[in-house]
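The values are calculated or read from the model by the stated rules, or taken from the named source; none is laboratory data. Worth saying up front: this structure is predicted, and the values here are computed from it rather than measured. Positions of Cβ are generated from backbone atoms using ideal geometry, with glycine treated the same way; all protein chains shown enter the neighbour counts. The accessibility values were calculated without ligands, DNA or RNA, using every heavy atom of the protein model including side chains. Shrake-Rupley method; radii C 1.70, N 1.55, O 1.52, S 1.80 Å.
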Amino acid sequence: MYLFGANEDAVLILTKQNKDRIDIDLLVNEKLAGGNIDEVLFIVPTRRKVRYLTRELISLTPGKSAGGLKIETIGSFAEELLGDIVGEAELIGEEKAILILNHSFKKTKLNYFSNYKDQIPFGTLERIKNVISEYKRHGITPDRLKEEARDLPGGEKMKLMDIANVYEIYQKALEEKNFKEPGDMYSLLNGKSKKIFDESFTFVYPGVKLVLVNGFDEFTAPEVELINSSADVSSIELFIILDYYKYNPTVFSHLNSCHDRFIAKGFKEVKDISPSSQTKFVNTIREKLSVKSEDKKDNSFEKLITQISAKSREEEIELIAKEIKNLLLTGEVLPEKICVVFNLIGNYSAIIRDRFNLYGIPFNLTDRYSLSTSAPVKALISFLEIIENDFYYKSIFRAFSGGFLNKLNVDISNLLKASVELKIVSGYNNWIGRIKEAVSEISSTEFENENVREKIEIYKSAIVELEKINSTLKIFSGKFNSDDFRKNFLSLIFSLDLPAELLNASSEAVENDIIAFNSFIKLIDETTSLIKLEYGSEEKFSISFYLNQLRTIAKFARYNIPEKPGYGVQVTTLNEIRGLNFDYLFIGGLNDGDFPTRFTPEIFFSGSFVREENQHQVEQRYLFYQELCTWKKKLYLTFPQTDGKRDLVQSSFLQDFNSLFITSI
């Protein structure tokens, strides 16, 4: 089995062991054959790689048993060690983090952000949350930001000082509530003595003798420190395997800093003597991708590589779906051996669901959905906004347009007619008073006909509908503490019989809606718990306060549809398939702007922390290289010519690729 094999110029292996050469594959295969795979700890970059490697190792383990396998991401590795040292510490979710950050802004005296009096815009909150998390991952503290700010000019100095102050308050809030982000875990672990670290490692991973760190294309300074501490544990052999070719800096130069950090810690390069598992194709792109050359194009892969040009994104997916359908109809290709990847999958998700379902293609789509776009979540928030906005007519119609409030049996058409004819905008008492007044006026007229009677019935029915809504929502009047809000909210859900409404939806929507709804209920629990922690159990707030919290986290929260292992065509992002292998690979959206994405510097990074365009390009090019290494039988490269009325430009990465190979079209 070739898990890591390459040739001596293809991978960089670093270790502190006193060895000149190593065959990593031989080491792993010997552990497998001897039933000692539990002596190996694998540290990989993604959860998908964890699942993939788990399946691969189980298939090769005697008895097909998963017992004893130890496979971690660097984040889960740190979490396991820290849990043993300090006890259980909750790794904070993005939703909780954004809520705490929002509160931190309100507690900070702001200068740069002073124009945002009552509420920092959601997009700004999200970006600053990501910036702070990135600072933590790199071990950058608020004090270091303040020190850097001293040498910056006016506006930049104010901005960085505001972020540093918010970061400081946010960090204190996390510590008070015993919440951790990955960067916090690295910092705490790296601050422990060698004795404590070694004892924890030995306790959490008993019997481990070999640690393999594989598949990464970046290590922050705290991550380097964590790996270094692991390499220094007694009786542990640790090897870092990087896909690296030093003679092509346009693809691999961003790995130089990783190399230098480890060398400074006492690591050294070891020659890889594993049997080469690399193909001529992989060796060519490794050496020549994006390197100007006068060599003739290689025509030996013409029948194995196909380019597909489409007029639009819709046609691009249509052509991909047809090609996949033809592959499946041969009866020789399993759906799970096919993968379709995009750099920006959000541009394609809806089209993929529509086209693949139409063609009857089983698929696993990896995409994160915003909770704020979920129909049942929007219906619930809109329903509560009725009382928040005192029966504003748009809130009413928005709440009942999704079809999830059928239990109330409200005829929204009567309310619409009353609103239009009587020019009613808002105010529950205003609604009732104006409609009753209109009924009285009409009833007192000397002329009674069918139209008059019908209008009276419509208005009377509108009053009944309003009273139904008010009766359901009156528990949210006034002010109440967080426990009461949670209790009333759950009571509302069951009075509306929402679980049954979700199950009665179309089969295509049921899975998404149920997962979104369950995620939302969990957020209600987390939000009310955080409010209680911050303000105490007796503090009371109006419905507007609670809705502001829910709207903020619903915009930030994302949820995934669980992957079905071994089922269907894999449709995912480029990052998710690093280090995996498929027989048939489709790389879509090969347009400048999609892949590579346009470089947009993050305005909330300042001074020496600003990211450079060249680094962005190299990282994206390396990602393209990694994807090109994941197919075995056939590769498809696809791109649309237009997006709506906008013309698209073929990816510069694809142009570089076309300078190396002749492909079929």
Which entries in the list LYS146/LYS195; LYS280/LYS337; LYS325/LYS633; LYS159/LYS378; LYS246/LYS296; LYS16/LYS129 go over 26 Å, if you measure between the two C-alpha atoms of each?
-> LYS146/LYS195; LYS159/LYS378; LYS16/LYS129
Taking H as built 1.01 Å from N, whose amide H comes closer than 5 Å to the amide H of GLU237, not counting residues under 5 places away?
-> LEU210, VAL211
Built amide H within the under 5 Å cut-off of PHE541, gap 5+ | PHE480, ASN481
Scalar couplings 3J(HN,Hα) for the stretch 347-357 by Karplus 6.51 cos²θ - 1.76 cosθ + 1.60 (θ = phi - 60°), nearest whole Hz, x for Gly and Pro, are 6, 10, 3, 5, 5, 4, 4, 5, 6, 5, 5
For the chain: relative contact order, % (alpha-carbon pairs under 8 angstrom, 6 or more apart) = 21 percent
Hey, what D do you get for the stretch 482-556 in µm²/s if you plug the Kirkwood alpha-carbon radius into Stokes-Einstein at 20 °C and 1.002 mPa s?
-> 159 µm²/s
Provide the FRET efficiency to the nearest 0.05 for the LEU188-ASN658 pair, computing r from the beta carbons and using R0 = 51 Å.
-> 0.55
Taking Rh as the Kirkwood radius computed over alpha-carbon pairs of the chain and applying Stokes-Einstein at 37 °C with viscosity 0.692 mPa s, one gets a diffusion coefficient in µm² s⁻¹ of 114 µm²/s
Applied in sequence order to the stretch 304-321, the curve 6.51 cos²θ - 1.76 cosθ + 1.60 (Karplus, θ = phi - 60°) yields integer Hz couplings, x standing for Gly and Pro, of 9, 10, 10, 9, 10, 9, 10, 6, 8, 5, 4, 5, 4, 5, 4, 5, 4, 4
Write down the accessible area per residue of the stretch 247-294 in Å², having rolled a 1.4 Å probe over the full set of protein chains.
-> 52 Å²
Quote the convex hull volume per residue of the stretch 353-453, based on C-alpha atoms, as a whole number of Å³.
-> 156 Å³
Over the stretch 379-437, one equal point on each Cα, no solvent: what is log10 I(q)/I(0) by the Debye formula at q = 0.22 Å⁻¹?
-> -0.86
How much area per residue is accessible in the stretch 420-481 when the probe is 1.4 Å and only protein heavy atoms are counted (Å²)?
-> 61 Å²
Carbon and sulfur: what percent of the chain's accessible surface (1.4 Å probe)?
-> 48 percent
Calculate one ³J(HN,Hα) per residue across the stretch 512-523 by plugging θ = phi - 60° into the Karplus curve 6.51 cos²θ - 1.76 cosθ + 1.60, and present them in order as whole Hz with x for glycine and proline.
-> 4, 5, 5, 5, 4, 5, 5, 5, 5, 4, 4, 5
Surface per residue (accessible, 1.4 Å probe) for the stretch 87-196, Å² = 50 Å²
Estimated inter-spin distance, LEU304 and LYS532, nm [label 7 Å along Cα→Cβ] | 6.1 nm
Mind checking the full-extension length gain between GLN615 and LYS479? Use 0.36 nm per residue of separation minus the Cα-Cα distance, one decimal, nm.
-> 43.8 nm
Under 5 Å between amide H atoms, partner at least 5 residues away or on a different chain: which partners does PHE661 have, H built in plane at 1.01 Å?
-> ASP298
Cβ crowding within 10 Å averaged over residues, with 486-496, 376-386 ranked highest first | 376-386, 486-496
